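Written out below as structure tokens is the structure these notes cover.
The values are calculated or read from the model by the stated rules, or taken from the named source; none is laboratory data. Not measured: the values here are computed from a predicted model. Glycine also receives a Cβ, built like all others from the backbone with ideal geometry; neighbour counts cover every protein chain displayed.
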Amino acid sequence: MEFKSVKEILTAIKNKHISVVELTTSYLNKIMQHDDELNCFITMTEEFALNKAKEIDKEIAKKKFRELAGLPIAQKDIFCTKGVKTSCGSKMLDNFISPYDATVIEKLNDAGTIMLGKTNMDEFAMGSSNETSFYGPVKNPWDTEYVPGGSSGGSASAVAARISPCSTGTDTGGSIRQPASLCGICGLKPTYGRVSRFGMIAFASSLDQAGLFTTDALDAAILLKEISGHDEKDSTSSSVEVPDYHAYCLDDVKPNYTIGIPEEFTKDLNEDVKKVFYDSVKTLEKMGCKIKTVNLKYTGLGVSAYQVVAPAECSSNLSRFDGVRFGHRSGHASNLEDLYRESRSEGFGKEVKRRILVGTYALSAGYYDAYYLKAQKVRNLIANDFRNAFNKVDLIIGPTTPDKAFKIGEKMNDPIAMYLSDVYTVSTNLAGLPAMSIPMGFKDNMPLGLQIIGKHFDEKNILKLSYLYQKETEWHKKEPGK
Amino acid sequence: MDKNTINKLTHLSKLSIPDSDIDELTSNLENILELISEIDAAPTNGMEPMAHPLDFNQPLREDKSIKDINRSENQNDTSKTKDGYYIVPRIID
């Protein structure tokens, strides 16, 4: 039995057209069949999945239905999962079995989802191609010579290849939206604070946010409700009320959205991407949306400011990996200082070390004001740009990425080129805004994404516009190899 | 970015970089600092630094002790622990 969406799966389970054990087994088989080539998963959790599937089947037999009863899901390996290896894509945590669940995992487990496994990712979420993973690169299912994007590359590739109906990701500078764009699926990064970060291994704490990958917007709406909300274990999580996103998408009210297109997001685009983007703008106009040009004058400094703030926070967060309490411990240390240095030098890969060094430089005596403080002020300039734009428009759109996916190996020796692949996504993290990438077309048979950015906590209108757009288009229904 | 600066940074961040990688790393860091230097010209006079993206008070939980931490579960890597303590190499020579 083939399912096109989370919604179809939940309906089939509820109507007993398929048992949860049958469904789980079918997805585990798909992973077995395709993952040797794609490398989406670091750890498979077959036993855990089948035991949980049996438990949910028993509940269903007693007419007990949890919200997401029986839904298979792939979890990014950045989320701590009790009793299961949580590696964060790093040799440093290759031996780490988490003693507790992240709040996102706990909520999804409680809602009745079935974890199929833990997905591959750039090491400590630092990368835009999934090539920095200790476990090898993930392949893009549209063409396996190409990257899936990153850092949540395994989660994106798995959903695009239909070997998992949905997955979790995290987004610090574009790590959900960029791979969603390059893999031709939906990727939602909620407002900073919408979803708890407890148990999500920290990269840059003022930017990190958990989110989702699905094939369509309604599925994202269903899942977002389940993972959102205040968590007393994360004081930066918000207590703003969580709406019923799914019901909001489907209600009869059809808003006449005014949508802003920032000049800064289109002026340097290549002609192919520009054409695909403006075709999607025409569709939005036909749907009744009013299009306005807006200016986000300082977003051009987004990557530069991000490359100060994120490494600075990363150098601080990653100081906890010292080889003493958990994670990789060097066998070559003769004293404590050696233990720290050798464990870290052996455990971290090149990109992680590079970012720790940049962050250490930016925070070191004599440079703090020139780099970190200045970058935080630029961050405010960028946030102001968005505040002003949102006085004139309801939502902002642009291409998610400057181009289609690039080839594996193409940018690995050029960190700057790699960083610039997040040029349209980093600013929303700096401002803490919600944003989503949805499929908008193809260039040379490789997918491209449309980014929709909303006001703080306005995920519901991002999802509604995405849903309405997907009623008019078929891009989200395209599958690799079909 | 010279060798002394690299040495200072690796010392502060408790990392060692093989000599064979130093040239590549120096060049990478110089390029990254050049990218970062684009923020120098931004007109930030009078701007408040933004450390956090949302303007709200962080809620505090009720001040009561919770005992949900199981020592043996958290110290499940037995190669590093003994009798509830962590084993480390000699600290004082």
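Some values worked out for this structure:
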{"quantity": "Subset of the stretch B:74-89 (residues that are of a type in the set (Gly, Ala, Ser) and either within 21 Å of A:Glu342 (Cβ to Cβ) or surrounded by 10 or more Cβ atoms within 10 Å (Cβ to Cβ) (or both))", "calculated": "B:Ser79"}
{"quantity": "Counted residues, the stretch A:72-112 - those being basic (Lys, Arg) and in a helix (DSSP H, G or I)", "calculated": "2"}
{"quantity": "Candidate set: the stretch A:32-66, residues that are touching a Lys or Arg at 6+ places or on another chain (Cβ under 8 Å) and part of a loop (DSSP other than H, G, I, E, B); chosen: the one farthest from A:Glu145 (Cα to Cα)", "calculated": "A:Phe65"}
{"quantity": "Contacts under 9 angstrom Cβ, first residue in the stretch B:73-88 being more than 7 Å from chain A (Cβ to nearest Cβ) and free of Cβ contacts under 8 Å to residues at least 12 places away in the same chain, partner among the basic types (Lys, Arg) and part of a loop (DSSP other than H, G, I, E, B), 6 or more apart", "calculated": "B:Gln75/A:Arg325; B:Ser79/A:Arg329; B:Thr81/A:Arg325; B:Ile87/B:Lys80"}
{"quantity": "Pick from the stretch A:404-434, criterion within 18 Å of the chain's Cα centre (by Cα) and among the aromatic types (Phe, Trp, Tyr), ranking: modelled with the highest pLDDT", "calculated": "A:Tyr424"}
{"quantity": "Which listed residue, of B:Ser65, B:Ser37, is among the small types (Gly, Ala, Ser) and surrounded by 12 or more Cβ atoms within 10 Å (Cβ to Cβ)", "calculated": "B:Ser37"}
{"quantity": "Close pairs from the stretch A:367-383: first at the interface with chain B (Cβ under 7 Å from one of its Cβ atoms), partner outside any helix (DSSP H, G or I) and acidic (Asp, Glu), Cβ under 8 Å, at least 6 apart", "calculated": "A:Lys377/B:Glu48; A:Asn380/B:Glu48"}
{"quantity": "Failed criterion for B:Thr10 (all others in (1) within 9 Å of another protein chain (Cβ to nearest Cβ); (2) closer than 30 Å to A:Thr236 by Cβ hold)", "calculated": "(2)"}
{"quantity": "In the stretch A:343-364, the residues that are facing another protein chain (nearest Cβ under 7 Å) and at pLDDT 95 or above", "calculated": "A:Arg344, A:Ser345, A:Lys353, A:Arg354, A:Ile356, A:Leu357, A:Val358, A:Thr360, A:Tyr361"}
{"quantity": "Test: residue in the stretch A:238-259 that is closer than 21 Å to B:Ile36 by Cβ, charged (D, E, K, R) and within 14 Å of chain B (Cβ to nearest Cβ)", "calculated": "no"}
{"quantity": "Selection within the stretch B:28-52 - closer than 14 Å to B:Ile6 by Cα, out of contact with any helix residue (DSSP H, G or I) (no Cβ under 7 Å at 6 or more places or on another chain) and either at pLDDT below 95 or within 8 Å of chain A (Cβ to nearest Cβ) (or both)", "calculated": "B:Leu33"}
{"quantity": "Near pairs, Cβ below 7 angstrom, 6+ apart or cross-chain, from the stretch A:185-212 (touching a residue at least 12 places away in the same chain (Cβ under 8 Å) and within 13 Å of chain B (Cβ to nearest Cβ)) to any residue that is assigned to a loop (DSSP other than H, G, I, E, B) and among the basic types (Lys, Arg)", "calculated": "A:Ser196/A:Lys233; A:Phe198/A:Lys233; A:Asp208/A:Arg197"}
{"quantity": "Positions within the stretch A:386-405 being out of contact with any strand residue (DSSP E or B) (no Cβ under 6 Å at 6 or more places or on another chain) and either surrounded by 22 or more Cβ atoms within 10 Å (Cβ to Cβ) or on the phi > 0 side of the Ramachandran plot (or both), in sequence order", "calculated": "A:Phe386, A:Pro399, A:Thr401"}
{"quantity": "Test: A:Leu301 is facing another protein chain (nearest Cβ under 7 Å) and in contact (Cβ under 8 Å) with a residue 40 or more places away in the chain", "calculated": "yes"}
{"quantity": "Check on A:Pro447, surrounded by fewer than 23 Cβ atoms within 10 Å (Cβ to Cβ), more than 30 Å from A:Asp252 (Cα to Cα) and of a type outside the set (A, V, I, L, M, F, W, C)", "calculated": "no"}
{"quantity": "Of the criteria (1) out of contact with any Phe, Trp or Tyr (no Cβ under 8 Å at 6 or more places or on another chain); (2) within 21 Å of A:Thr360 (Cα to Cα); (3) not in a helix (DSSP H, G or I), which one A:Tyr340 fails", "calculated": "(3)"}
{"quantity": "When residues of the stretch A:408-436 are limited to those that are more than 18 Å from A:Lys455 (Cβ to Cβ) and among the aliphatic types (A, V, I, L, M), the one nearest to the other protein chains (Cβ to nearest Cβ)", "calculated": "A:Ile416"}
{"quantity": "Selection from the stretch A:156-185 of residues that are of a type in the set (A, V, I, L, M, F, W, C) and within 10 Å of the chain's Cα centre (by Cα)", "calculated": "A:Ala156, A:Ile176, A:Ala180"}
